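The values are calculated or read from the model by the stated rules, or taken from the named source; none is laboratory data. Fair warning: this is a prediction, and the values are worked out from it, not measured in the lab. All Cβ positions, even for glycine, are placed from backbone atoms using ideal geometry, and neighbour counts span all protein chains on display. Please note that ligands, DNA and RNA were not included when accessible areas were found on the heavy atoms of the full protein model with its side chains. Shrake-Rupley method; radii C 1.70, N 1.55, O 1.52, S 1.80 Å.
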Amino acid sequence: MQGTGARPLLVAGIGTVAFVAALALAWHAADTLLLIFAGILFGVFLDGLARALRRVVPLGHGASLAAISLVLAGLVLGGAAFGGATLVREADTVSRTLRSQAVSVRDWLKEKGVDTRAFRFGDEGKGGASESGAGGNLPSPGALLSDAGSVLGQATAIAVQVFGAVGNVFVILALGLFAAADPRAYRDGLLHFVPPQRRARAGAIMDELGETLRHWLFGQLVIMAAIFVCVWLGLTLLGLDGALVLGLQAGLFCFVPTIGALVAGLVIVLAGLAQGWTGALGGLAVYLVVQALESYVLTPFIQKRALDIPPATIFAGQILLGVLLGLWGLALALPLMAVAKVLLDRLYVEDGLGERMPARRS
């Protein structure tokens with residue numbers, strides 16, 4: 001009897017230790033796991049495009065995926081060839097404008113008595129060294145070697161960051177292509193770890209997860225494109241410099257709801273300050289109109305089938321994931337919350353509590 005009673009306790013203890021170990025592993029490998037999730041999202045995007053193409057053209061999955069990949073590669077390369085120079089030129093103009101206006105805002109705050117010593121831009125604060133050098137004191141060889149070492153260290157750090165970013169992009173592209181090439185194989189492979197009597201239910205939940213991510217991702221891309229075009233046209237009509245880049249950054253920041261909109265609006269206002277308060281207020285007005293269109297028209301209409309989460313919950317989830325997981329968690333907060341909601345609805349509310357949740361419309 002004692003042995004029989006001790007066995008469930010032993011199993012519960014082993015399960016608890018395994019769960020804690022899995023959480024610790026996920027915590028330490030959070031960046032890698034989120035990178036894999038980003039690759040899965042890209043695979044969902046490619047698979048969705050391939051499905052849409054097969055509805056129009058009678059092609060197999062492999063042929064449709066290859067056609068979609070070639071079209072996307074051509075669009076990226078063509079855009080870089082024909083619009084890359086304009087983007088670089090406008091990006092440089094916007095960067096200089098933002099730096100200048102940020103310094104002006106800092107100086108204005110300093111005049112009002114606000115402590116702005118923590119706000120330094122670029123190589124500010126290094127003037128003293130140059131002034132002492134102008135006085136006739138030549139730097140020592142040790143100082144020259146130290147300066148050279150610092151320059152090489154900065155160059156090395158920049159090179160590491162560039163290679164890291166390129167590597168992340170390569171991982172996302174490779175994972176997405178592999179996942180989209182044969183999604184059924186990965187789905188069936190995961191189902192082998194589920195007990196046979198639960199495989200049908202698990203397969204239905206996995207299909208719903210894929211459908212939810214597809215609806216959310218394509219809806220988000222439509223919203224991002226609409227915001228880019230509207231902001232670009234509005235700022236162009238106002239005559240603001242760098243309207244193309246400002247519209248592009250507004251569309252990209254839209255991928256991160258709420259927080260991204262605040263950052264994009266701040267960038268537009270700072271850029272508009274270069275043309276005075278009229279430019280700043282005009283840029284702010286354009287962005288507020290576009291945000292109202294996105295919040296009250298585009299998102300409710302486009303995303304209603306993919307994501308039904310209250311705004312306060314989304315904002316709280318973004319803050320939590322941003323604090324716990326950093327920039328990756330902030331950027332991927334919405335799709336992660338969409339996945340969590342489907343799992344909670346199906347596994348906890350329906351299977352655990354026995355309540356029926358409304359079926360999602362496909």
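Residue check: residue 310 meets all listed conditions (1) surrounded by 15 or more Cβ atoms within 10 Å (Cβ to Cβ); (2) without any contact (Cβ under 8 Å) to a residue 40 or more places away in the chain but one, namely (1).
Would it be correct to say that residue 275 is polar (S, T, N, Q) and within 16 Å of the chain's Cα centre (by Cα)? No, not satisfied. Against the condition open to solvent by 40 Å² or more (accessible area, probe 1.4 Å), closer than 13 Å to residue 179 by Cβ and at pLDDT below 90, how does residue 61 come out, does it pass? Considered against the rule, which asks whether it is open to solvent by 40 Å² or more (accessible area, probe 1.4 Å), closer than 13 Å to residue 179 by Cβ and at pLDDT below 90, residue 61 comes out as yes.
Restricting to the stretch 1-55, what's the tally of residues that are at pLDDT 80 or above and exposed (fewer than 12 other Cβ atoms within 10 Å of the Cβ)?
1
Among the conditions (1) open to solvent by less than 60 Å² (accessible area, probe 1.4 Å); (2) over 16 Å from residue 219 (Cα atoms); (3) of a type in the set (Gly, Ala, Ser), residue 338 misses just one, which is (2). Considering only residues in the stretch 206-244 that are assigned to a helix (DSSP H, G or I) and modelled with pLDDT under 85, the one that is surrounded by the fewest Cβ atoms within 10 Å (Cβ to Cβ) turns out to be 244. Selection of the stretch 176-201 for residues being open to solvent by 50 Å² or more (accessible area, probe 1.4 Å), in contact with a Leu (Cβ under 8 Å, 6 or more places away or on another chain) and in contact (Cβ under 8 Å) with a residue 24 or more places away in the chain yields 177, 181. When the test is whether a residue is out of contact with any strand residue (DSSP E or B) (no Cβ under 7 Å at 6 or more places or on another chain), outside any loop (DSSP other than H, G, I, E, B) and modelled with pLDDT under 90, residue 189 passes it. Filtered by the rule that a residue be of a type outside the set (Gly, Ala, Ser) and open to solvent by less than 60 Å² (accessible area, probe 1.4 Å), the stretch 245-257 gives 245, 246, 249, 254, 255, 256, 257. Apart from one condition, residue 360 fits all of (1) in a helix (DSSP H, G or I); (2) modelled with pLDDT under 80; (3) surrounded by 14 or more Cβ atoms within 10 Å (Cβ to Cβ); (4) not hydrophobic (A, V, I, L, M, F, W, C); the exception is (1).
When every residue of the stretch 246-265 is checked against the conditions, at least one turns out to be within 26 Å of the chain's Cα centre (by Cα), within 20 Å of residue 98 (Cα to Cα) and among the β-branched types (Val, Ile, Thr). Taking each residue of the stretch 235-259 that is farther than 30 Å from residue 313 by Cα and acidic (Asp, Glu) and looking for partners that are modelled with pLDDT under 85 and in a helix (DSSP H, G or I) with beta-carbon atoms closer than 6 Å, six or more apart or interchain, yields 241/93. Within the stretch 301-317, can one find any residue that is modelled with pLDDT of 80 or more, in contact with a Gly (Cβ under 6 Å, 6 or more places away or on another chain) and of a type outside the set (Lys, Arg)? No: the stretch 301-317 contains no residue that is modelled with pLDDT of 80 or more, in contact with a Gly (Cβ under 6 Å, 6 or more places away or on another chain) and of a type outside the set (Lys, Arg).
So that you can scan it fast, the table gives a plain yes or no per residue for (1) part of a helix (DSSP H, G or I); (2) within 16 Å of residue 271 (Cβ to Cβ); (3) modelled with pLDDT under 75; (4) of a type in the set (D, E, K, R):
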{"residue": "84", "(1), (2), (3), (4)": "yes, no, yes, no"}
{"residue": "98", "(1), (2), (3), (4)": "yes, yes, yes, no"}
{"residue": "103", "(1), (2), (3), (4)": "yes, yes, yes, no"}
{"residue": "108", "(1), (2), (3), (4)": "yes, no, yes, no"}
{"residue": "118", "(1), (2), (3), (4)": "no, no, yes, no"}
